[in-house]
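The values are calculated or read from the model by the stated rules, or taken from the named source; none is laboratory data. Nothing here was measured: the structure is a model prediction, and the numbers come from that model. Here Cβ is always computed from backbone atoms with ideal geometry, including for glycine, and neighbour counts include all displayed protein chains.
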Amino acid sequence: MSELYHNRILELAAEIPHLGLLADAEGSALKVSRVCGSTVGVSVILDETGERIREISVDPKACALGQAATSILSSNALGATVGEIRAALTALRAMLKEGGAPPEGRFWELRHLEPVADYPPRHASTLLAFEAAAAAIDEALAARAAV
């Protein structure tokens, strides 16, 4: 299991930007791993077009793997398109569960989590941040559509 917790994973887990809560968030979501109890909350504010992340906050209470994924998300989300976030989630899920290629583009560092594929009980906590981000985006877009 030591290959799971290599130096870059530990560095990412220790350096998570945008911690806290956005008081005026358009969308927020909390995802929980039923396997280990890890949680990650994400709040977002979209730009005026609703196509890009203008602000993000994260609140991880997760293992080092979940924290590393949260760090990669929050380090690279500002300015990311909704499509980039969704594509990263899809690629991360495929990498972990189907032997797919690691995500590319602004979320390329998710490749450091590739060894998690061999540990299915760790998949849920590794996916939490991107699942929460996608759900927060959905909430923000739904709120805009309702206006």
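Within segment 1-40, can you find the residues that are in contact with a Pro (Cβ under 7 Å, 6 or more places away or on another chain) and at pLDDT below 95?
GLU3, LEU4, VAL35
Condition check ((1) over 26 Å from ALA143 (Cβ atoms); (2) basic (Lys, Arg)) across all residues:
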{"position": "PRO17", "(1), (2)": "no, no"}
{"position": "ARG34", "(1), (2)": "yes, yes"}
{"position": "ASP47", "(1), (2)": "no, no"}
{"position": "GLN67", "(1), (2)": "yes, no"}
{"position": "GLU84", "(1), (2)": "no, no"}
{"position": "THR90", "(1), (2)": "no, no"}
{"position": "ARG93", "(1), (2)": "no, yes"}
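Mind checking which residues of segment 103-116 are without any contact (Cβ under 8 Å) to a residue 60 or more places away in the chain and under 17 Å from LEU12 (Cα atoms)?
If the condition is that a residue be without any contact (Cβ under 8 Å) to a residue 60 or more places away in the chain and under 17 Å from LEU12 (Cα atoms), then PRO103, ARG106, PHE107, TRP108, LEU110, ARG111, GLU114 are the ones that fit.
What tally of residues in segment 15-52 results from selecting those that are in contact (Cβ under 8 Å) with a residue 40 or more places away in the chain and not in a loop (DSSP other than H, G, I, E, B)?
Of the residues in that region, 15 qualify.
Pairs only if they're at least six apart or on different chains, beta carbon under 8 angstrom, first in segment 130-145 and within 20 Å of ASN76 (Cα to Cα) and among the aromatic types (Phe, Trp, Tyr), second modelled with pLDDT of 95 or more and assigned to a helix (DSSP H, G or I); list them, first residue then second.
PHE130/ALA69; PHE130/LEU73; PHE130/ILE85; PHE130/ALA88; PHE130/LEU89; PHE130/LEU92
Within segment 9-28, track down each residue that is surrounded by 13 or more Cβ atoms within 10 Å (Cβ to Cβ) and out of contact with any strand residue (DSSP E or B) (no Cβ under 6 Å at 6 or more places or on another chain). Can you show your working first?
Let us first name the residues in segment 9-28 that are surrounded by 13 or more Cβ atoms within 10 Å (Cβ to Cβ), namely 9-10, 12-13, 16-18, 22, 25-28.
Once the filter is applied, which keeps residues that are surrounded by 13 or more Cβ atoms within 10 Å (Cβ to Cβ) and out of contact with any strand residue (DSSP E or B) (no Cβ under 6 Å at 6 or more places or on another chain), segment 9-28 yields ILE9, LEU10, LEU12, ALA13, ILE16, PRO17.
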